[in-house]
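Everything on this sheet refers to the single structure shown next.
The values are calculated or read from the model by the stated rules, or taken from the named source; none is laboratory data. Being a predicted model, the structure only gives us computed values, none of them experimental. Positions of Cβ are generated from backbone atoms using ideal geometry, with glycine treated the same way; all protein chains shown enter the neighbour counts.
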Amino acid sequence: MPLFSRRVAALTQHRMSITLRSLPENYRAVIVGASGGIGAGLVRHLATDSRCGEIHALSRSGNAPSGAKIRGGRIDLEDPASIATALDPVTAEGPVHLVIVASGVLHGEDFGPEKTWRHLDAASMAKVFAVNTTGPALVASALLDALPREGKSVFAALSARVGSISDNRLGGWHAYRASKAALNQIIRTCSIELTRKRRDALIVGLHPGTVETGLSEPFRDNVPDGKLFTPDYSAERLLNVIDTLTPEQSGRCFDWQGEEVLP
Ligand SMILES: NC(=O)c1ccc[n+]([C@@H]2O[C@H](COP(=O)([O-])OP(=O)(O)OC[C@H]3O[C@@H](n4cnc5c(N)ncnc54)[C@H](OP(=O)(O)O)[C@@H]3O)[C@@H](O)[C@H]2O)c1
């Protein structure tokens with residue numbers, strides 16, 4: 001099946017317009033990874049929401065969609081000083097109502113996901129954990145205190161279904177799976193503290209589906225018909241899920257349909 005046919009279903013369902021009614025008027029959003037496929041889609045959608053006051057679109061490369069409500073900036077999740085430099089000015093301006101960490105790494109120029117334990121490599125694992133686990137944890141550390149004391153607010157990080165331990169039947173991709181499982185544990189742990197400090201707030205992991213981005217590009221030959229999403233379609237579905245989630249669901253991971261991904 002040619003690639004175009006597999007993604008038609010997602011394209012025809014897509015509309016570029018969103019309203020996050022569960023967040024307050026003029027809500028402030030931060031997207032980390034705004035240069036990525038899904039991250040840029042999230043920024044584009046939020047820019048269409050009349051309730052959204054401003055979007056801090058942060059990325060390592062500095063690339064991000066542009067627009068009247070969009071404020072760009074750089075952040076390198078492998079550099080704690082860069083995280084502070086990027087986020088301190090954002091929190092100094094007031095509460096942040098929506099944070100989505102949409103960055104992540106699966107492969108690089110000199111490494112890819114492992115097919116066997118024989119391929120495990122310390123430097124590659126450290127890189128994957130730095131970007132997928134430690135980086136989002138440090139963003140949470142910097143921004144959870146900036147969520148408002150009252151009213152719904154959301155911290156979300158893009159996780160992955162392959163981070164589910166109970167759902168792991170295929171094996172392989174050791175570092176990526178483990179980094180996402182660890183991210184899910186960070187989210188769960190932060191949720192317990194968040195409940196005590198911000199009872200209307202929630203922190204969740206999100207699985208975006210299989211999305212046509214650079215991250216998935218080498219690995220999507222066997223994606224079933226209609227299951228390869230455009231970044232804009234996935235972003236819209238994720239924002240709709242965020243809009244319907246309640247604080248009782250904090251600490252868990254949900255897919256693009258709003259169904260829980262079990263740990
Ligand atoms: N695509 C899928 O099918 C799929 C499936 C399941 C889960 N996910 C998850 O969805 C998230 C987004 O992935 P994507 O598909 O949109 O991938 P992508 O298009 O490759 O984007 C990856 C993003 O991560 C950023 N990034 C990488 N290293 C970074 C660092 N050290 N500091 C800051 N940013 C860094 C990149 O920034 P620069 O380009 O500016 O360097 C880019 O914005 C990831 O967490 C991924 O694990 C994706």
Answer yes if at least one residue in the range 125-135 is closer than 24 Å to Asp200 by Cα and within 11 Å of the ligand (Cβ to nearest atom), and no otherwise. no
Here the residues within the range 97-122 that are within 16 Å of the ligand (Cβ to nearest atom) and either in a loop (DSSP other than H, G, I, E, B) or over 24 Å from the mean Cα position of the chain (by Cα) (or both) are Ala102, Ser103, Gly104, Val105, Leu106, His107, Glu109, Asp110, Gly112, Pro113, Glu114
So, in the range 223-256, exactly how many residues are of a type in the set (S, T, N, Q) and assigned to a helix (DSSP H, G or I)? 4
Any residue in the range 239-256 that is aromatic (Phe, Trp, Tyr) and either more than 13 Å from the ligand (Cβ to nearest atom) or under 15 Å from Phe155 (Cβ atoms) (or both)? yes
Considering (1) more than 26 Å from Asp243 (Cα to Cα); (2) touching a residue at least 60 places away in the same chain (Cβ under 8 Å); (3) assigned to a loop (DSSP other than H, G, I, E, B), say which one Thr213 fails and leave the rest. (1)
Residues that are aliphatic (A, V, I, L, M), surrounded by fewer than 17 Cβ atoms within 10 Å (Cβ to Cβ), without any contact (Cβ under 8 Å) to a residue 24 or more places away in the chain and within 13 Å of the ligand (Cβ to nearest atom): does the range 64-82 have at least one? yes
Return the only residue of Ser82, Ser17, Ser22 being at pLDDT 95 or above, of a type in the set (Gly, Ala, Ser) and in a loop (DSSP other than H, G, I, E, B). Ser22
For Gly94, state whether it is part of a loop (DSSP other than H, G, I, E, B), loosely packed, with under 14 Cβ neighbours inside 10 Å and more than 14 Å from the ligand (Cβ to nearest atom). yes
Considering residues that are of a type outside the set (A, V, I, L, M) and either near the ligand (Cβ under 6 Å from one of its atoms) or crowded, with 18+ Cβ neighbours inside 10 Å (or both), the number found within the range 212-225 is 4
I'd like the full set of residues that are aliphatic (A, V, I, L, M) and assigned to a helix (DSSP H, G or I), limited to the range 31-79. Ile38, Ala40, Leu42, Val43, Leu46, Ala47
Extreme residue, surrounded by the fewest Cβ atoms within 10 Å (Cβ to Cβ), among residues of the range 193-211 that are farther than 18 Å from His97 by Cβ and in contact with a helix residue (DSSP H, G or I) (Cβ under 6 Å, 6 or more places away or on another chain): Gly209
Any residue at all in the range 170-180 that's among the polar types (S, T, N, Q), within 14 Å of the ligand (Cβ to nearest atom), in contact with a Lys or Arg (Cβ under 8 Å, 6 or more places away or on another chain) and not in a loop (DSSP other than H, G, I, E, B)? no
Checking Val261 against (1) under 18 Å from Asp167 (Cβ atoms); (2) within 10 Å of the ligand (Cβ to nearest atom); (3) under 18 Å from the mean Cα position of the chain (by Cα), the condition it does not meet: (2)
Can you go through Val204, Val223, Val154 and tell me which one is within 20 Å of Gly112 (Cα to Cα) and among the hydrophobic types (A, V, I, L, M, F, W, C)? Val223
